[in-house]
Each structure stands twice: as C-alpha cells, then as structure tokens.
1. Which condition from (1) within 26 Å of the chain's Cα centre (by Cα); (2) closer than 26 Å to residue B:299 by Cβ; (3) within 11 Å of ligand 1 (Cβ to nearest atom) is the one that residue B:317 breaks?
2. Tally time: how many residues in region B:16-45 are in a loop (DSSP other than H, G, I, E, B), in contact with a strand residue (DSSP E or B) (Cβ under 7 Å, 6 or more places away or on another chain) and surrounded by fewer than 19 Cβ atoms within 10 Å (Cβ to Cβ)?
3. Restrict the check to region B:79-89 and report whether at least one residue is over 21 Å from residue B:134 (Cα atoms) and surrounded by 16 or more Cβ atoms within 10 Å (Cβ to Cβ).
4. Which residues, taken from region B:338-355, are away from ligand 2 (no atom under 16 Å from the Cβ) and away from chain A (no Cβ under 14 Å)?
5. Restricting attention to region B:273-287, does a residue exist that is within 14 Å of chain A (Cβ to nearest Cβ), within 16 Å of ligand 2 (Cβ to nearest atom), at pLDDT 95 or above and within 27 Å of the chain's Cα centre (by Cα)?
6. Which of the residues that make up region A:97-121 are within 14 Å of chain B (Cβ to nearest Cβ) and in a helix (DSSP H, G or I)?
7. Could you please find all residues in region B:182-206 being buried (at least 17 other Cβ atoms within 10 Å of the Cβ), within 13 Å of chain A (Cβ to nearest Cβ) and free of Cβ contacts under 8 Å to residues at least 40 places away in the same chain?
Ligand SMILES: Nc1ncnc2c1ncn2[C@@H]1O[C@H](COP(=O)(O)OP(=O)(O)O)[C@@H](O)[C@H]1O
Ligand SMILES: [Mg+2]
C-alpha cells in the first residue's frame, strides 16, 4: 500500500482528499502546515505528496522548492493543488519541480487518474 | 459661493508684462480687489514662478521681447505641472488672428488694451471660480476612481474567500455521487446532483466576478509573449472537444494565415474558450468554424456557429453583465450571463483589441476578436507596484 502525504491547511479539503485516496487504496498522512509537512516528508518518506498552494506559514511554492532542492526527498513526486489555475503559475510551478498540477474543485475521478499517471501505476 | 469671493483667495494671480508701468497697474488693480498678485517682466521668469509655485490664473502680455506670450503659453501647456493654469492674454492688438492664435495655444480668454478695470476684474473672477470648480471636480474624480478600485478589490477578495467553502461543497457532493461514502438511493442521488450542479454554477459565477473585479481594480498583469496562433487555437479546440462531442458537433479550424503574434497567451485563450463554449452551447447541432484572418496590424479570429442565432434587437445586449437571452435552449445551456461581458473586458482592456458579433436568428452567429499583432507592454507605475506587493495576492 502506497503512502500519500497531504499538506493542506483547510480541514474540509484535507478530509475530502483523505477520503478519496483512502477509497482508492492508499494510506494517508496529513499536515496542516508547510514546514510540518516538509519534516514529515523527511521522516516518513511518502510515495507521493499532495501539496496545497495556499498555506498559512510558508507558501506551497516555497515548500515545493524546499522539497525539490533536498537530495533526500527530491525524487518524491509532488502534486500541487491550487484554486483557479493561472497558466503563468503553472509554468512557474513546473519550473520549481512540481510533477503535476491539479485545480480545485477536486474531482475524485480526475485526481486519482492524474496521480496514478504521476506515480506510474 | 465662497469661491467667488476674492478675499478668500489663497492662491495668487501672476501678471506677466514687459512694461513695468503696466505690470504695476494690473497688480495694484488686482490687489485692490482683494487678490494676491505677483509680477514677472519676462517669459523665463514667468515660467520659473509657475514651476515653483503655480498660480491660479495668469494674465499674459502677448508682445514681449525674447519670448512672446504665445510661446510662454505654449510651454506652460507642455508642462504637466502648469498645463491646467488658466491663461488670459492681454494685448494692445485688437487683431482677430492674434485672438484666435491665443485660443489655439490654450488660453481661456483674451483682453485688449486699453482695458477697463471692471472688465478685467469680471473676467478674472469668473475664470478663477471656473478653475477652482474644475479642480474640485478633478479631485472628486480621483477620489471616486480610488473608491471604485477599492470596491472592485473588496469584491475580488470576498469572492476569493467564498471559493474555499464552495470547493468543499462541490468536492463532497462529488464523492457522495461516486459512492465513495456508500451507495445512494436514486432519490438521494438526484438531490446531491442538484447540490453539485448549483455549487458548480456558483463557482463559475464567482470565478468570473473575481476576473472582472480584478481587471477593474487594475490588478491584472498582462504578459505579452510570442504566441503561435495555431497552437493556441488547437489548445482551445482540444479543451472544447469533449463538450462538442456530447452534442455531436464538430469544430473546424480554417485559417488562411497562422501568424506568430505578441499577446497574452492566457487571456486570449480564455476569450477563445468563452466564444467556443457559447457557440456549442447555443447550437442544437452542426459545425463550429474558426477562421483566422491576418490584417495589417491585427488578426481577426472569428468563431462561427450555425446555432439558434440572436435577433437584431438583442445583439448588442449580449455583451451586458448578467444578460441571458430568452430562448428554448437557455435552461439546458446553463450559464451566468457574464461570459461575454468578461470576454469584452479582457479583449478591450487587457489585449487592446475589439470584439463584435454578427448573427441571424435560426441561422447562426459569428463572434470575432480583433487582436493587435503586437500587444504593447503595459506600464505599471511604481505606486501600483508597491500596492500590489504590500497586500496579499488574490
Ligand atoms: N453563439 C451564440 N449564439 C446564440 N446566442 C448566444 C451566443 N453567444 C451568446 N449568446 C447569448 O448571449 C448571452 C450572453 O452570453 P454569455 O455572456 O456568454 O453568458 P452565458 O453563456 O453564461 O449565458 C447568452 O445567454 C445567449 O443568450
Ligand atoms: Mg457564455
């Protein structure tokens, strides 16, 4: 069973994603702060990370960069979740190393398809 | 009104005349009437005074050595700081050409010498009060524009906040529908479907309101870049293909040119998507065609459908906010009535282009975008930049 790390501060959204992943057969781990998420990633080495872009402590983009610049965990696929995708943001996030980019509102079918593609299942 | 009362004056009147006797006479006349007056004996001095302490009115002699009155006036009008100061020419000449030239270089009035004191005072008084009123109106306008921006900004922020709970409503109704939390009865499914559909409609509304108010608040940055029109159109078509397929419709691209243009990729794409989705939504079946046509300085992108069309009396209304025309397809099509309003805003205010619509009822519609080959980069003034940086991003 693969392990997912969800970094998302909005509790409802966090529950939503957890339920979807749970249903699809993944184990989940959650963090509601960016730095806490980064530490969990180092500790637990999840198989992939779902990262919300709006976080209260540091922006999701910063966390993304931190993860992707850390030799120990940079190979973990990161799926960034944003509200209203801006094409400009997308380019920036991809440049920062994000593996996939998902727009809110979250569509259960779509999110599973996309993340399967990213983690190569 | 108090502005007519010269004793209330806190600005001053500048008198410019190379004849010292004239200068003294006019200053004495103005001061006796309660104005504060200042004198300059030549053009250079006058320009310097205006630059340092702009007066509320200038009485300007036409005939002066070195720099004549016309030249002084001309230069005042070129300077942002002095261009609004009203200028009254004073000249011995009663030459119609001179008068006309005076108005041409931007004077508000003309007095001929020898003058009558009460005529001078009457003209001075009326132009000073006009000037003050104009300044008040300009100040009020600036204030209004600021308030309007603030309003738009408030709407944008509020809408942004609305989106988070809405995403939960849509997301959870979605997992309910997919049976992730257990199977639903057909009845329950129908109810949840309604929640989901309403949520999505609300989200569309909110997203469009955010876009509109961000543009109105001047918070949108366009980034002009090389755009391959062919690729952009293909991207739009790929996006709309599922929607077209559902109605058994096809989208055809017919271009006699596939130029590279410099524009904002994201916003042009958004406009095109809007037009395409309308073309599909407001057709029962048939074909949507995209024509690209290159002109001297712009390209025309036309989206043509053979759908229900729009009557002549309604065609101008489709660009209004919240306008949805009555027809048999309206309910099924769904929509906010903001799509074309936003599209027009993007095209005219961000892309420096135009949009128009031609249509015939029951025959079809053609919506055309006219986009400049090269979008000039917008100058963002530092004030605006500071503002953007100091507040949280939307
Ligand atoms: N291609 C079209 N053919 C016929 N009617 C159209 C077309 N495009 C727009 N309209 C009319 O203009 C109205 C406003 O369009 P729009 O601003 O995109 O709002 P919406 O599509 O959300 O209703 C639509 O409701 C429809 O009545
Ligand atoms: Mg529309």
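The values are calculated or read from the model by the stated rules, or taken from the named source; none is laboratory data. Note that the coordinates shown come from a computational prediction; the quantities given were computed from them, not determined experimentally. Cβ coordinates were reconstructed from backbone atoms using ideal geometry, including for glycine residues, and neighbour counts include every protein chain displayed.
1. Unmet for residue B:317, out of (1) within 26 Å of the chain's Cα centre (by Cα); (2) closer than 26 Å to residue B:299 by Cβ; (3) within 11 Å of ligand 1 (Cβ to nearest atom): (2).
2. Here the count works out to 1.
3. no
4. B:348, B:349, B:351, B:352, B:353, B:354, listed by residue number.
5. There is at least one residue in region B:273-287 that is within 14 Å of chain A (Cβ to nearest Cβ), within 16 Å of ligand 2 (Cβ to nearest atom), at pLDDT 95 or above and within 27 Å of the chain's Cα centre (by Cα).
6. Listed by number, the residues that qualify are A:108, A:109, A:110, A:111, A:112, A:113.
7. Passing the criteria: B:196, B:199, B:200.
Yes/no matrix, rows are residues, columns are (1) crowded, with 19+ Cβ neighbours inside 10 Å; (2) closer than 26 Å to residue B:257 by Cα; (3) within 11 Å of ligand 1 (Cβ to nearest atom):
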{"residue": "B:274", "(1), (2), (3)": "yes, yes, yes"}
{"residue": "B:280", "(1), (2), (3)": "yes, yes, yes"}
{"residue": "B:285", "(1), (2), (3)": "no, no, no"}
{"residue": "B:289", "(1), (2), (3)": "no, yes, no"}
{"residue": "B:293", "(1), (2), (3)": "no, yes, no"}
{"residue": "B:296", "(1), (2), (3)": "no, yes, no"}
{"residue": "B:300", "(1), (2), (3)": "no, yes, no"}
{"residue": "B:310", "(1), (2), (3)": "yes, no, yes"}
